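The values are calculated or read from the model by the stated rules, or taken from the named source; none is laboratory data. The structure displayed is predicted, hence computed values, not measured ones. Neighbour counts are summed over all protein chains in view; Cβ atoms, including those assigned to glycine, are modelled from backbone coordinates with ideal geometry. Only protein heavy atoms, including side chains, enter the accessible area calculation; ligands, DNA and RNA are left aside. Shrake-Rupley method; radii C 1.70, N 1.55, O 1.52, S 1.80 Å.
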Amino acid sequence: MTTDCLFCKIVHREVPTEFLYEDNDFVVFKDIHPAAPVHLLVVPKKHIRSINDLHEEDETIVSGLFMLARDMAKDQGIHTSGYKLLFNVEKGGGQVIFHLHLHLIGGWKR
Ligand code: 5GP
Ligand code: ZN
């Protein structure tokens, strides 16, 4: 827990947010400013600043993020129509919340 981190506060229910999924290691919730009809954030509970800050011991978090994104895409009914998975890394990469998260974006009618 990093006290000034918004996503840590969300994970610890200090900032009320509806979770579409939760287990011991991850939560999934809707992006507050969706960039598409479906825009979810897949978030490890462990505070990791960005992809740059991953260590060997975090391998199961990385694999878990992708497996959970796959499951959530299916849950949202966008797995066959298609979707994007995105990590923004540091300021130049568009990251504004410095707690690792995977964007799951899709649901376009096209
Ligand atoms: P980043 O640019 O860091 O990869 O993405 C952070 C995302 O978090 C943005 O898409 C932004 O809309 C979303 N976000 C920021 N604050 C909140 C919040 O309080 N609640 C939720 N659900 N999403 C947020
Ligand atoms: Zn955090």
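Residue separation times 0.36 nm, minus the C-alpha to C-alpha distance between Thr17 and Asn88: what's the value? Walk me through the numbers on the way to the answer.
Details: separation 71, 0.36 × 71 = 25.56 nm, distance 2.16 nm.
Here the answer is 23.4 nm.
Taking the Cα centre of each part, how many Å lie between the range 18-47 and the range 54-110?
If we compute the Cα centre of each part, the gap is 9 Å.
The range 17-90: which GluC sites (Glu not before Pro) are DSSP loop and have at most 11 other beta-carbon atoms within 10 angstrom? Walk me through the numbers on the way to the answer.
On the way: sites: Glu18, Glu22, Glu56, Glu57, Glu59, Glu90; in loops: Glu18, Glu90.
The qualifying sites are Glu18.
Under unit Cβ charges (Lys, Arg +1; Asp, Glu -1), what dipole magnitude, rounded to 20 debye, does the chain have relative to its Cα centre?
Working: 12 positive and 15 negative charges, 124 e Å.
Around 600 debye, computed over the chain.
In Å and on Cα atoms, what radius of gyration and Dmax does the chain show?
13.5, 42
Roughly speaking, to the nearest percent, how much of the chain's 1.4 Å accessible area is carbon and sulfur? Kindly include the intermediate steps, with their values, before the conclusion.
Details: 3500 of 6630 Å².
After summing per-atom areas, the C and S share lands at 53 percent.
Return one number: the angle in degrees, 0 to 90 and rounded to the nearest 10, between the long axis of the Cα atoms of helix 59-75 and the longest principal axis of the Cα atoms of the chain.
On a 0 to 90 degree scale, this one is about 30.
Positive end of the charge dipole of the chain (Lys, Arg +1 and Asp, Glu -1 on Cβ, about the Cα centre): tell me which of Val96, Cys5, Ser81 has its Cα farthest that way.
Selected residue: Ser81.
Please list the non-local residues whose amide H lies under 5 Å from the amide H of Val27, H modeled 1.01 Å from N, same-chain partners needing a gap of 5 or more.
Val43, Lys45
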